[in-house]
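Asks: Below is one structure. I have some questions about it.
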C-alpha cells in the first residue's frame, strides 16, 4: 500500500497549496492516471483512451482489501489531435478531469510506427502533462490493456504500467522508460532509443477462471528519429541488463544440449575499445560478469562451468549486435562515445543521418566470468599452494 499512500499524500498536498479558494476535495476530481492513443488511418483521426482512478474505492484498501472489486474507469473519444479528442470528454465527465498526475502514456504499434513524431511533439506541447510520463507501446487492444487489473483485483495502478522505482521491479524484468529519458536518446543521431512493449498474459494466473496480467515482453526500438524494429524479450532484456544498474539475470547453463547448472548474474561491466584512425566506429567489447551458482544439476568443474558461460555471452553479444546491424540500430550504443570524441564527424553524421555500423564494425568480444557464491555446493577455487584453479 506504500505506493498508493504516497500518491494520495502528494495529491492532498497539491490540492491544499492553492489555499481555500477554489480548492477541491480529493474525491471531487477525476484523476487521469494514463492516456492511450491509437490512430485510424482511414478516418485520419486519433482515438484517445483515458484511464481514471477512483480514489474513494482505493482509499478503502488502506484498512484492508475491499470486499467488492475496484472498478476501472476508461473513457474514449476521437479527434484530429489529442486535445480535440479529449475536449469532447470534458462535458461528459463529472467529477471534472484532472491531468496533473498522469503517469503513463500507452501507444499502439500503429502510432509507434507511423505517427510517433507527431504524437510526441503534441504530448510535449501539452502543459498539463509532465515529461516524467512513463511511455509504453501496446501489442494488444488499448481497451484490453487499460481494463486489466493487478492480481487479487487490486486497481490498475498496481500493474506494470505504473512501475517506476528499481525496488518495485522483479528480477528478469525490463525497466520502464520515462518520456524525457527516451527523448534524450530519440533526438540523437547515434544510439538507439527504446520503449517497452506491453502484452497481456492469459495463462500464468487463474482464480475461478483465467486472470489476465500485464507484462513487458520486449522493446520498440527507434534510431535517428525513426521506428526500426521490435526486439523480442530475450534480446531486449539482454540490452537492459548490459546498460542498466542493479539488474539481475537468471541464466541456464547447458553442455551438449543438457542442463548442467543455473546461475544468477549481476549487472556486468561493459567496455568498448575503439580502433584509431577510422572514419566510423570500429571497436571490440570487454565484458566482466560476476554471479552466483543457484543450482548444480551435473558435476562439472568450476573452470569449465565458467568457460561455458563465457562462450554463451560471447554468442549472445555477437547475436545482439548483428540483430542491430540488420535493422540499422546501434543497440550497443557504440556510436555515442566515438562521435562525441570526433566533433566534426558528429556534425557530419547529424546532417547526413547515415547509419554508421556494419557487420564488420565489431572486431571482437572478450568475456570474463567469475562465480562468487556457490549456494552450499562445494567448489574448490584454489589448490593447496594457493594457485587459482580457474586458470586466471
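Readers should treat all values here as calculations from the given coordinates under stated rules, not as data from a laboratory. This structure is a prediction, so every number in the text was calculated from the model and none was measured. Methodologically, a virtual Cβ is constructed for each residue, glycine included, from the backbone with ideal geometry; neighbour enumeration extends over all protein chains shown.
Asks: At 0.36 nm per residue, and after removing the present C-alpha to C-alpha distance, how many nm does the segment from residue 348 to residue 297 gain when stretched out fully?
Replies: Residue separation times 0.36 nm, minus the Cα-Cα distance, leaves 13.0 nm.
Asks: If each residue's Cβ is checked for other Cβ atoms within 10 Å, how do 76, 30 rank with the fewest at the top?
Replies: 76, 30
Asks: Given R₀ = 25 Å, what would the calculated FRET efficiency be for residue 88 paired with residue 200, taking r from the Cβ atoms and rounding to 0.05?
Replies: E(calc), rounded to 0.05, equals 0.35.
Asks: Report the gain in length on full extension from residue 130 to residue 314: 0.36 nm times residue separation, minus Cα-Cα distance, nm rounded to one decimal.
Replies: Roughly 62.2 nm would be gained on extension.
Asks: Determine the shape class of the stretch 248-392: with a ≥ b ≥ c the square roots of the Cα gyration tensor eigenvalues, call it rounded for a/c under 1.5, and otherwise prolate if a/b is greater than b/c, oblate otherwise.
Replies: prolate
Asks: Tell me, in nm to one decimal, what length is gained between residue 40 and residue 363 on full extension, where the rule is 0.36 nm per residue of separation less the Cα-Cα distance?
Replies: Result for the pair: 111.8 nm of gain on full extension.
Asks: Let me ask something else about it. How far apart, in nm, are two points set 7 Å out from the Cα along the Cα-to-Cβ line at residue 144 and at residue 255?
Replies: Reported label-point gap for residue 144 and residue 255 is 4.4 nm.
Asks: What ranking do 256, 299, 217 get, fewest neighbouring Cβ atoms within 10 angstrom at the top?
Replies: Ordered from fewest to most neighbouring Cβ atoms within 10 Å, 256, 299, 217 come out as 256, 299, 217.
Asks: If neighbour count is taken as other Cβ atoms inside 10 Å, put 145, 33, 300 in order from fewest to most.
Replies: 300, 33, 145
Asks: Quick one: compute the contact order of the stretch 248-392, relative version, from alpha carbon pairs under 8 angstrom and 6+ residues apart, as a percent.
Replies: The normalised contact order for the stretch 248-392 reaches 30 percent.
Asks: In nm, to one decimal, how far is the modelled label at residue 117 from the one at residue 243, with both set 7 Å along Cα→Cβ?
Replies: For the pair residue 117/residue 243, the computed spacing is 2.1 nm.
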